[in-house]
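Okay, so here's the structure we're looking at.
The values are calculated or read from the model by the stated rules, or taken from the named source; none is laboratory data. Here the structure is a predicted model, which is why all the values come from computation and not from measurement. Note that each Cβ is placed from the backbone with ideal geometry, even for glycine, and that neighbours are counted across all protein chains shown. These accessible areas exclude ligands, DNA and RNA; they are computed on the full protein's heavy atoms, side chains included. Shrake-Rupley method; radii C 1.70, N 1.55, O 1.52, S 1.80 Å.
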Amino acid sequence: MAETIARTVIVAHRAQNVRVRVHKPGALRFADSVGVVIDRTAADFPQTAEMVGCPA
């Protein structure tokens, strides 16, 4: 999910970089929340713009 959000922000909205945080409260027993943080840049998705038909 985080990767898809990052790709959408970079490709569709032409952001140079993005940090996405996703948390899922109650996912693990005895834990308040489980989550992931990813940082992505436009260089991480070099071919995606052509694949989804976004103008360069």
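Residues in the stretch 7-18 that are among the hydrophobic types (A, V, I, L, M, F, W, C) and exposed (fewer than 15 other Cβ atoms within 10 Å of the Cβ): 12, 15.
If you check every pair at least six apart or on different chains, which have Cβ atoms under 6 Å apart with a residue in the stretch 25-42 that is under 27 Å from residue 10 (Cα atoms) first and a residue that is open to solvent by less than 60 Å² (accessible area, probe 1.4 Å) and part of a loop (DSSP other than H, G, I, E, B) second? Between residues of the stretch 25-42 that are under 27 Å from residue 10 (Cα atoms) and residues that are open to solvent by less than 60 Å² (accessible area, probe 1.4 Å) and part of a loop (DSSP other than H, G, I, E, B), the close pairs are 34/27. Suppose we filter 29, 40, 21 for residues that are modelled with pLDDT of 95 or more and open to solvent by 80 Å² or more (accessible area, probe 1.4 Å); which single one remains? It is 21.
Test residue 4 against the stated conditions and say whether it is in contact with a Lys or Arg (Cβ under 9 Å, 6 or more places away or on another chain), at pLDDT below 95 and either of a type in the set (Ser, Thr, Tyr) or open to solvent by less than 60 Å² (accessible area, probe 1.4 Å) (or both). No; evaluated as a whole, the condition is false for this residue.
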